[in-house]
Each structure stands twice: as C-alpha cells, then as structure tokens.
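Working notes for the structure below.
The values are calculated or read from the model by the stated rules, or taken from the named source; none is laboratory data. On a predicted model such as this, the values are computed, not experimentally measured, just so you know. Please note: Cβ atoms are built from the backbone with ideal geometry, for glycine as well, and neighbour counts cover all protein chains shown. Please note that ligands, DNA and RNA were not included when accessible areas were found on the heavy atoms of the full protein model with its side chains. Shrake-Rupley method; radii C 1.70, N 1.55, O 1.52, S 1.80 Å.
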Amino acid sequence: MHPTSLREISADGDDMVQVHDVVSIITEGIKDIDIDASSIEQAVNRNWAISTASARQLKDDTAGPSLRNGPGPDAVGLAGSCTLKAQITKLNLDLEDVQISLADLIRHRKRMHVDLLSRTETPERRRREAESPQGKLPIELWAQIFFLCLPDEEFVQPNPRQAPLLLCQICKPWRRVATGTPLLWSKFSIRGSWRRNIWKSSLECWLKRSENAYLSLDISIPAYMEPAFDAGIVQLITSTAERWYHLRLNMPDNLLRAMLSESQMPVLHKLEFSSTYPIAPLEIQGTQAPQLKTVSLLTKSLYPQPLTLPWSQLTILSLQCWLNIGQHLEVLRKCPRLESYCMCLVPAEVPLDSRPLVMYHLRRLEIVAFIDSAMGPVLTRFQLPKLTQLSFVVPTTSPACGIAGWPKHHVVSLVERSSCLLKKIRLKGVEVVEEAIEETKNSIPSLIEVTFS
C-alpha cells in the first residue's frame with residue numbers, strides 16, 4: 001500500500017464512524033507487507049540456491065579436463081572464474097536491493113502497526129472520556145460550576161427544573177458529581193405546602209447528600225399544616241442541629257420550642273424566626289449556641305421580652321415589632337456588643353433618665369418610625385462613638401409616608417456628642433429638601449453619601 005494513500009485514509013478516518021473501516025484497511029496492508037516480505041525471502045533463498053549450484057557445477061567443470069580430453073586447464077579455469085565473479089557481483093547487488101526493500105517494508109510495517117494500535121485505542125479512550133463528566137477538568141472545578149448553577153436565592157426549594165435536582169437528571173456522571181458535592185445540598189427550604197407522603201423521604205435524601213456541610217434551613221409550617229409535621233420529622237431535622245448555620249423558622253410556638261429549646265447548635269450563626277401571635281417563653285442559652293451572632297424577629301406580633309437569648313454575644317439584631325423608646329433601650333442594654341440594630345419605633349414619652357446610652361460597637365442604626373416626630377427624641381438617648389451609617393424609614397402604611405421630615409438637627413447633635421465619623425445617611429419615605437441635605441453635609445465633614453427613595 002502506498003504511504004500517501006495511507007495518510008489520506010488516516011486523515012479521513014478521524015471520524016469515529018470510519019474508525020473500524022480504517023483499522024480493517026491497515027490490517028490488510030500489514031498482511032500484504034508480510035506476504036511481500038515472505039516472497040522476497042523465498043526469492044533470496046532460491047537465488048542463493050541457484051548461485052550455489054552454479055558455482056558447484058562450474059567447479060566440477062574446471063576439474064573435469066584433467067580427467068578427459070578437452071581444452072587446457074588454464075583456459076577453462078580462467079573463463080570459469082570470470083563467469084563466477086560476474087554472477088556473484090550481480091547476486092550481491094540484488095541482495096543489497098532486496099535488503100533495502102525489506103528494511104523499508106519492515107519500517108513501514110512498524111508505522112502501520114503503531115497506527116493500528118492508536119486507532120483501536122481511540123474509541124475506548126473516547127468512550128471513557130465521554131463517561132467522565134469532568135473530562136480533563138478537575139472534579140473540584142466541576143463541583144464549583146455546579147454550585148454556580150444554583151438559584152440566586154438564599155434558600156433552595158426542591159424543584160426538578162432547577163439545580164441541584166436538574167443536574168441529577170442530565171446523565172449518570174453528572175448525577176455522580178452532583179450527589180457527591182455536599183455544598184449543593186446545604187441550603188434547603190422546607191414548605192408546609194408539601195404533600196405529607198414526600199416529607200420524610202425528601203428530607204432524608206437532601207440531608208444525606210449534604211453530608212457534613214453546614215446547613216442553612218428555611219422551614220415554614222402554617223398552623224393548619226402542623227399535623228403533617230409529626231414528631232418523626234422534627235427528630236429528623238433536629239438530628240442535624242450540630243450543623244445548623246442559618247435558620248429561618250416560621251412555625252407554631254410549640255414546634256419552635258421543640259426544635260430550639262433543647263438542641264445543641266455549636267455552629268449556629270444566624271437565627272430568624274416569626275410567629276402569628278406573641279411567643280410563649282423561648283430559651284436558648286449561650287452554651288447551646290455559642291456562635292450565635294445575628295437574630296431577627298420577623299413578625300410585628302413577636303415581642304422580645306419573653307425571650308431568653310444569648311443577648312450579650314449578639315452583634316446584629318433586627319426587630320419588626322413596634323416598641324417605644326423605653327422598650328428599645330431595655331433591649332439595647334442587654335446587647336453591649338451590637339454592631340447593627342433595626343428598631344420599629346412608636347411615639348412615647350422620653351424616659352426621665354437624661355443620661356444617654358453609650359453603645360461602643362454600634363456602627364449601623366436603622367429607625368423605622370410610623371410617626372416622624374419619634375425620630376428626634378430617640379436620637380437624644382444615644383451616644384454612638386463608632387456610628388458610620390444611619391437610616392430613617394417611614395413605612396408606606398403610614399399616612400406620613402413621603403411627607404414626613406427627618407431630624408437633621410438631632411443627627412448633627414448626635415454626631416457632635418458621639419464624636420463619630422458618620423459616612424452615610426439613608427432616607428426612605430421621607431420628604432427631602434436639597435438645602436437641608438447640603439446644610440447637613442456642611443455640618444458633618446465626614447459625611448460622604450446621602451441617599452433617598
């Protein structure tokens with residue numbers, strides 16, 4: 001087979017569909033080369049036998065005249081020698097050509113054999129690569145890509161049309177990577193709308209795939225769905241309490257206490273919970289949740305007074321319930337390490353104690369006031385040396401929304417009293433006058449930004 005035609009076939013054979021045809025052609029070519037080499041060897045052996053026989057006959061002919069009448073021994077010997085030398089020379093040249101051809105055939109056979117091996121290995125290699133989801137990429141990189149496929153939400157609701165469940169339906173290799181990546185299953189939203197027969201199986205599957213990853217759980221159980229949330233499900237969830245990092249709970253008080261009051265939560269960092277009515281006493285000791293730093297009460301009916309929380313270790317606290325100035329001051333005195341506080345404020349008389357409360361670590365303060373007249377008096381009760389961001393919000397449910405003013409003079413007084421470097425003021429639902437903003441910026445040199453909406 002000509003090498004050029006072989007290369008053409010090899011080039012065309014890159015397509016997986018033609019691999020078997022090309023392999024068959026190469027195999028036949030190797031067989032042809034083996035037949036040619038065998039024929040050459042037979043021809044060489046035959047020529048060698050003929051040359052040997054001729055030389056032997058010539059020797060007999062040169063020796064014969066000494067035994068019978070004929071030409072003299074010198075003439076006959078000279079002629080025989082010349083003929084024998086010519087035949088030997090020709091035979092040597094033929095042998096050299098045959099050896100060169102044989103060496104070329106052997107090299108060509110080796111190249112074809114290597115080509116044959118590469119082509120027979122390629123389909124198997126490609127099959128293995130096709131079965132491997134990562135191909136040449138590390139498994140960790142594929143896991144990171146899968147993690148970026150998760151919905152852009154704080155908690156993931158099980159949905160076969162979204163990651164991570166969708167990733168498990170593409171192919172077996174993808175399913176193997178997805179189910180073997182615990183972070184894909186570490187954020188989970190449990191809704192009361194689930195059918196009862198899938199509660200336990202879905203929870204068990206999801207929690208098992210999360211392995212030892214820290215968990216962020218959003219559990220919402222309306223009161224009328226409480227029967228579906230039986231003791232077995234509570235026990236299944238609380239069995240992972242040592243891995244809770246972020247909890248958002250909206251459930252009846254008895255379920256809330258069953259989950260939190262006796263659980264050891266060594267890595268719990270953020271707790272959000274709500275209730276449809278003022279909560280009965282809930283106790284979470286600091287030894288149960290030594291890392292708890294953020295607490296949010298998500299409903300207006302949820303009062304903090306009956307709660308026993310590790311107040312002294314909190315750094316972020318948000319209250320949706322409406323409290324007066326005195327009640328907020330009572331909460332703040334329990335939380336000396338607070339860095340961020342959101343208060344919903346109702347108008348009330350300022351407590352008689354004229355000494356301001358010093359919050360040494362508070363950096364962000366948000367005041368949500370139904371009546372704007374409550375904003376100024378509450379500022380007179382604070383001294384905030386680390387304050388950098390201050391927000392005033394009048395909710396849309398208030399009749400004063402959009403027309404309420406904000407206590408700019410009290411803000412300037414707070415900054416002077418606290419010697420703080422206030423950088424940002426955010427106004428929402430407040431009437432904004434450009435002259436007042438410019439006046440405030442001139443009075444507070446550290447102020448960088450004033451935003452309003």
- Message: Can you give me the distance in nm between label points at E242 and T179, each placed 7 Å from the Cα along the Cα-to-Cβ direction?
- Response: 2.5
- Note on the structure: For T451, T440, the accessible-area ranking with a 1.4 Å probe, largest leading, is T451, T440
- Message: Please state the shape class of the range 327-381: rounded when a/c is under 1.5, otherwise prolate if a/b exceeds b/c and oblate if not, all from the C-alpha gyration tensor.
- Response: oblate
- Here the gain from full extension of E438 to T83, 0.36 nm per residue of separation minus their alpha-carbon distance, amounts to 115.4 nm
- Note on the structure: Dividing the mean separation of Cα pairs under 8 Å (6+ apart) by the residue count of the range 315-452 yields a relative contact order in percent of 19
- Task: Filter the cross-link list K270/K423; K408/K428; K386/K428; K334/K428 down to pairs whose alpha-carbon distance in this structure exceeds 18 Å.
- Result: K270/K423; K386/K428; K334/K428
- With R₀ set to 30 angstrom, the calculated FRET efficiency between the beta-carbons of E211 and T299, to the nearest 0.05, is 0.35
- Average accessible surface area per residue within the range 315-452, 1.4 Å rolling probe, Å²: 48
- Message: Suppose each label sits 7 Å from its Cα in the direction of the beta carbon; what would the H361-Q157 distance come out to in nanometres?
- Response: 3.6
- Item | Exposure ranking of Y214, Y341, Y360 by accessible area [1.4 Å probe, largest first] | Y360, Y214, Y341
- Ignoring any ligand, DNA or RNA, what whole percent of the accessible area of the range 315-452 comes from carbon and sulfur when the probe is 1.4 angstrom? 52
- Message: From the gyration tensor of the Cα coordinates in the range 315-452, what semi-axes in whole Å does the equivalent ellipsoid have, largest first, with each one equal to sqrt(5λ)?
- Response: 21, 19, 13
- Message: If I model a spin label at L137 and L93 as a point 7 Å from the Cα along the Cα→Cβ vector, what separation in nanometres do I get?
- Response: 6.8
